[in-house]
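Colleague: Structure incoming, see below.
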Amino acid sequence: MPRTSLDLAFSIEHLSILDADGQLDAALEPDLSPDELKRMYRAMVLGRRVDERMVRLQRQGRIGTFAPIKGQEAAQVGSVAALTPRDWVVPSFRETATMLWRGWPIEKILRFFSGHLEGGQPEPAQRDLPIAIPVATQLPHAVGLAYAAQYRGEDAVVMAYFGDGATSEGDFHEAANFAGVWHVPVVFVCQNNQWAISVPLKKQTHSRTIAQKALAYGFPGVQVDGNDLLAVHAASRDAVARARAGDGPTLIECVTYRLSMHTTADDPTKYRSEEEVAAWERKDPLTRVRAYMEKKGLLEPGLEEAVDAEIAEAVARFEAMGAPDPLVAFDHVFAERPPELEAQRAELAERLRAQGGAADAAPDSKGTASAATPMRGQRTTRR
Amino acid sequence: MRLNLVKALNLALLQEMERDPDVLVIGEDVGVDGGVFRVTEDLQRKYGSQRVIDSPLAEAAIIGTSVGMALYGLRPVCEIQFSGFAFQCFHQIENHVARYRMRSQSRFHCPLVVRMPYGGGVRALEHHSESEEQFYAHIPGLKMVIPSGPRNARALLASAIRDPDPVIFFEAKALYHAAREDVPDEPEILPIGRAQVVREGRHLTLVAYGAMLRVALEAADALTAADGVEAEVIDLLTISPLDRAALAASVRKTGRAVVVHEATRSFGPGAEIAASIAEGAFLSLEAPVARVAAYDVPFVGFARERASIPDVPRVVAAARQTLAF
């Protein structure tokens, strides 16, 4: 029995259209109208500025821990802009720019990151899943949504977001495998930002690219310069068109960098050098697209000020929102409350009422013994 | 029709798929093979491979993709081949299935059913014989159902499929071919969350479910024959949400209770049942609530499992101790 070579010729494309120096490959430049370009650039600026404002709000104790996106605006806006509202977005937890594009109000995102699940509630017609925190667990959901769309004969496409760390999880591989076998309209967008908290990509995978992992599951993978809005968008448009045409899934690896911390609870100086960060700052996705817009004469004067005003209004609306009603928790467990849950709700309602309706007031914790406290051996009830 | 448990469950699936085109079946070997226990037999032939999906072998994605389908508006019925393998999808069940209503503040809900064969007594290997309902019963947002015979299994599975919330549905392997029962041709449902008094009595309450119901009923017969004791037997049918009112009503009458389950004892369903009885019928209790359960050891191999799984003599002995307290 001889050894024979199977006819398996694999290669992975890397796509770059607008590089860090602002050099444009005009042959690959996607056909985007001035309005489309303006909208995407504005979304990147908004994403950056919301993110920076959120870091300050967190430092001031006005919101809780969150995962900043700084540096990943092109990967997020370039991909999501390839969708229509009838398509689905399945985020992980570092997709603020994507979510803003999809119409999540800024104050709602702030609400989520200040501990209110109302901030994770999509609008009735909105085809977005809420933020998913356990890494990669959202990916099978995207495949299931895509299967359901296909089953119903609807041409919706599903775009799922995750990071480089997620590609080590079983759920990533299971989702990719199911997507390949079922040939469903899903686009996997990996934001390879080089770091999963403190673990660099080279300790995460021994594969040369993340894109090539798609090949094992029988569908195309492409690597793009994730800081290049035009490259991300061109690859995403192709993938979405393929999915919509019934040609199955695609994996897009956006090579990018998390310029900020993993979350506001993280100190990246512990595990990476300032030189490395500085090198990536020179590849900032906003700098090059700004230069591109300027060359085209599409820069809008006063854009930054307008965006800041929009954010300030949203922060004001967020801070004017009322205190949480703890009883709401019991409304979202089952369609109808079983008796035990009803009893627990009544107990909390009574406790809140006794506290004079102060929803977040701590219950009396003095624990002083009353005269009615029975002693050991003393019965206070009758049988 | 006189049907065994397998055929009764098959009938429920068939009729629910007939009733609602959004009902899908997904799992390992559920299509061409009809499931390793044949519960899904002939469904793929009737409804096609898009609706009865032979999935790749991956529990997390079976549940995870079903979450996506359910969010879209479909009604997936997932089969996990043995409940011992469900830990490979436990994170999907706990992180998402149970929480989607909360996480999305009711924008989405997750109406899916996870069917799993459970329990011992069938001379099967490790991970093919355990009884681990307590993990699911403990999770807010899930319903946990365990039928005890063909007729209630068929009716409860139909209810589970129609339920707007996720249901974990355990099927006792020991019962699959154990007995036939009259099952009406017409679709039938039973309310989830309601226990049934299946034998009336006044001296003692035996609480059981699934394969242990038969053990409890035989123990009740033995107690009557040998001691003249009239034991009331409650078939829980739903583990969570627990029918606390039915438990309290029975024990207020009898004053004594023995809980029988195949799950291991500590932190098992018996603990919650005993607490519930104490809360609902404390002043009627004449003895501590007794628990007859599997011992707190990992699966010992089927050659030794009979020593650990509750049987009639152990239940009778526990009942006599309770009565003599």
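Colleague: Only Cα pairs within less than 10 Å get springs; with that Gaussian network setup on chain A, which residue of A:PRO185, A:PRO326, A:PRO339 has the largest fluctuation?
Modeller: With Cα springs under 10 Å in chain A, the top fluctuation among A:PRO185, A:PRO326, A:PRO339 is at A:PRO339.
Colleague: What does the charge count near A:GLU275 come to, summing +1 for each Lys or Arg and -1 for each Asp or Glu among other residues with Cβ under 12 Å from its Cβ? Before the final figure, lay out each step's value.
Modeller: On the way: positive: A:ARG272, A:ARG282; negative: A:GLU274, A:GLU276, A:GLU281.
Residues close to A:GLU275 contribute a combined charge of -1.
Colleague: When the convex hull of the Cα atoms of chain B is projected onto a plane and the area is averaged over all directions, what value comes out in nm²? If you can, show how the numbers build up before the last one.
Modeller: Numbers: hull surface 63.3 nm².
Projected area, direction-averaged: 15.8 nm².
Colleague: Still on this structure: Amide H neighbours of A:ARG258 under 5 Å, counting only residues 5+ apart in sequence or on other chains, H built in-plane at 1.01 Å?
Modeller: Amide H to amide H, under 5 Å and 5 or more residues apart or across chains, A:ARG258 pairs with A:TRP195.
Colleague: While we're here: How high is the FRET efficiency from A:GLU276 to A:ALA216, r the C-beta distance, R0 35 Å, rounded to 0.05?
Modeller: Details: r = 30 Å, r/R0 = 0.86.
After rounding to 0.05, the efficiency reads 0.70.
Colleague: Can you tell me the convex hull volume per residue for the stretch A:91-141, based on C-alpha atoms, in Å³ to the nearest whole number?
Modeller: Working: hull volume 4.0 nm³, N = 51.
Considering the Cα atoms of the stretch A:91-141, their hull volume per residue is 79 Å³.
Colleague: Here's something else I'd like to know. Just in the stretch A:288-336: which GluC sites (Glu not before Pro) are loop by DSSP and have at most 13 other Cβ atoms within 10 Å? Walk me through the numbers before you get to the answer.
Modeller: Values: sites: A:GLU294, A:GLU304, A:GLU305, A:GLU310, A:GLU313, A:GLU319, A:GLU336; in loops: A:GLU336.
Counting only loop positions with at most 13 other Cβ atoms within 10 Å, the GluC sites (Glu not before Pro) in the stretch A:288-336 are A:GLU336.
Colleague: Using only Cα atoms and rounding to the nearest 10 degrees, what angle (0 to 90) does helix B:5-19 make with the longest principal axis of chain B?
Modeller: Between helix and principal axis, roughly 40 degrees.
Colleague: Relative to the first principal axis of the alpha-carbon coordinates of chain B, what is the inclination of helix B:150-162, with its axis defined by its Cα atoms, in degrees from 0 to 90 and to the nearest 10?
Modeller: 50
Colleague: Would you please name the chymotrypsin sites (Phe, Trp or Tyr not before Pro) within the stretch A:1-73 that are DSSP coil residues with at most 10 other C-beta atoms within 10 Å of their C-beta?
Modeller: A:PHE10
Colleague: Could you work out the mean count of beta carbons from other protein chains within 10 Å of each residue's beta carbon in A:80-87? Display every interim value, and only then the final one.
Modeller: Numbers: counts 0, 0, 0, 0, 0, 0, 0, 0.
Rounded to a whole number, the mean comes out at 0.
Colleague: Describe numerically, in nm with one decimal, the distance between label points set 7 Å from Cα along Cα→Cβ at B:TYR295 and at B:GLU181.
Modeller: Between B:TYR295 and B:GLU181, the label points sit 3.2 nm apart.
Colleague: Between A:ALA27 and A:LEU298, what is the FRET efficiency for a Förster distance of 35 Å, r being their Cβ-Cβ separation, to the nearest 0.05?
Modeller: Numbers: r = 21 Å, r/R0 = 0.59.
E(calc), rounded to 0.05, equals 0.95.
Colleague: Another one. Just going by the charge dipole of the stretch B:1-145, with Lys and Arg at +1 and Asp and Glu at -1 on Cβ, which of B:ILE63, B:PRO76, B:SER106 is farthest out on the positive end?
Modeller: So the residue furthest toward the plus end is B:SER106.
Colleague: Given the options A:PHE318, A:PHE330, A:TYR292, identify the residue whose Cα lies farthest towards the positive end of the charge dipole of the stretch A:286-340 (+1 on Cβ of Lys, Arg; -1 on Cβ of Asp, Glu).
Modeller: Result: A:TYR292, furthest along the dipole toward the positive end.
Colleague: Next question. Using a 10 Å cut-off on Cβ to Cβ distances, tally the other chain neighbours for every residue of B:48-61 and report the average as a whole number.
Modeller: Details: counts 0, 0, 4, 1, 0, 5, 1, 5, 6, 2, 8, 2, 10, 14.
That works out to 4 on average.
Colleague: Sticking with this structure for a sec: How far, in degrees from 0 to 90, does helix B:212-227 lean away from the longest principal axis of the Cα atoms of chain B, to the nearest 10?
Modeller: Taking Cα atoms only, the helix is inclined about 20 degrees.
Colleague: Mind checking which lysines have their Cα closer than 27 Å to the Cα of A:LYS202? Skip sequence neighbours fewer than 8 apart in that chain.
Modeller: List returned: A:LYS70, A:LYS213, A:LYS270, A:LYS283.
Colleague: Just add up the charged neighbours of B:ALA293: K/R +1, D/E -1, any other residue whose Cβ is under 10 Å from the Cβ of B:ALA293.
Modeller: Working: positive: B:ARG265, B:ARG291, B:ARG314; negative: B:GLU262, B:ASP296.
Local charge sum for B:ALA293: +1.
Colleague: Percent of Cα-Cα pairs per 10 Å bin, from 0 to the last occupied bin, for the protein assembly as shown, please list those.
Modeller: Bin by bin from 0 Å, the calculated values are 3, 13, 21, 21, 17, 13, 7, 3, 1, 0.
Colleague: Here is a follow-up. To the nearest whole number, what is the average tally of beta carbon atoms from other chains within 10 Å of the beta carbons of peptide B:70-83? Could you put the intermediate results ahead of the total?
Modeller: Working: counts 4, 8, 14, 2, 6, 0, 3, 0, 0, 0, 0, 0, 0, 0.
Mean partner shielding for this stretch: 3.
Colleague: Of the options B:ILE239, B:ALA290, B:ALA219, report the single residue whose Cα projects farthest towards the positive end of the charge dipole of the stretch B:196-324 (beta-carbon charges: Lys, Arg +1; Asp, Glu -1).
Modeller: B:ALA290
Colleague: Shape verdict for the stretch B:208-325, please, from the Cα gyration tensor: rounded (a/c under 1.5), prolate (a/b greater than b/c) or oblate. Working shown, then result.
Modeller: Working: a/c = 1.77, a/b = 1.25, b/c = 1.42.
Oblate, since a/c reaches 1.5 and b/c is not below a/b.
Colleague: Just how large is the dipole of the protein assembly as shown about the Cα centre, in debye to the nearest 20, putting +1 at every Lys and Arg Cβ and -1 at every Asp and Glu Cβ? Mind showing how you got there, number by number?
Modeller: Details: 78 positive and 93 negative charges, 358 e Å.
Around 1720 debye, computed over the protein assembly as shown.
Colleague: Same structure again: For the protein assembly as shown, what does the helix formula give at 222 nm: sum of -39500 (n - 2.57) over DSSP H segments with n ≥ 4, over the residue count, nearest 500 deg cm²/dmol?
Modeller: Details: 24 runs with 263 residues, N = 708.
One gets -11000 deg cm²/dmol as the mean residue ellipticity at 222 nm.
Colleague: Working from the pairwise distances between different alpha carbons, so that the mean of 1/r is found and then inverted, what is the stretch B:2-182's Kirkwood radius in Å?
Modeller: Values: mean 1/r = 0.0626 Å⁻¹.
Hydrodynamic radius (Kirkwood, Cα pairs) of the stretch B:2-182 is 16.0 Å.
Colleague: A follow-up question, please. What Kirkwood Rh does the stretch A:35-118 have if only Cα atoms enter the pairwise 1/r average? Answer in Å.
Modeller: On the way: mean 1/r = 0.0761 Å⁻¹.
Result for the stretch A:35-118 stands at 13.1 Å.
Colleague: Name the long-range amide H neighbours of B:THR205: under 5 Å, sequence gap of 5 or more, or other chain; modelled H, no Pro or chain starts.
Modeller: Correct list: B:GLU232, B:ARG256, B:ALA257, B:VAL258.
Colleague: When chain B is treated as a GNM, springs tying every alpha-carbon pair under 10 Å, which of B:ASP165, B:ASP29, B:ASP182 comes out with the largest mean-square fluctuation?
Modeller: Largest GNM mean-square fluctuation: B:ASP182.
Colleague: While we're on this one: Under a point-charge model restricted to the Cβ atoms of Lys and Arg (+1) and Asp and Glu (-1), what is the dipole moment magnitude of the stretch A:13-319 relative to its Cα centre, in debye to the nearest 20?
Modeller: Working: 34 positive and 43 negative charges, 91 e Å.
Around 440 debye, computed over the stretch A:13-319.
Colleague: Between A:SER5 and B:PHE302, what is the label-point separation in nm under the 7 Å Cα-to-beta-carbon projection?
Modeller: Label at B:PHE302, label at A:SER5, 5.1 nm between them.
Here, each number is a calculation from the coordinates, and none is a lab measurement. Since we're looking at a predicted model, the values are computed, not measured. All Cβ positions, even for glycine, are placed from backbone atoms using ideal geometry, and neighbour counts span all protein chains on display.
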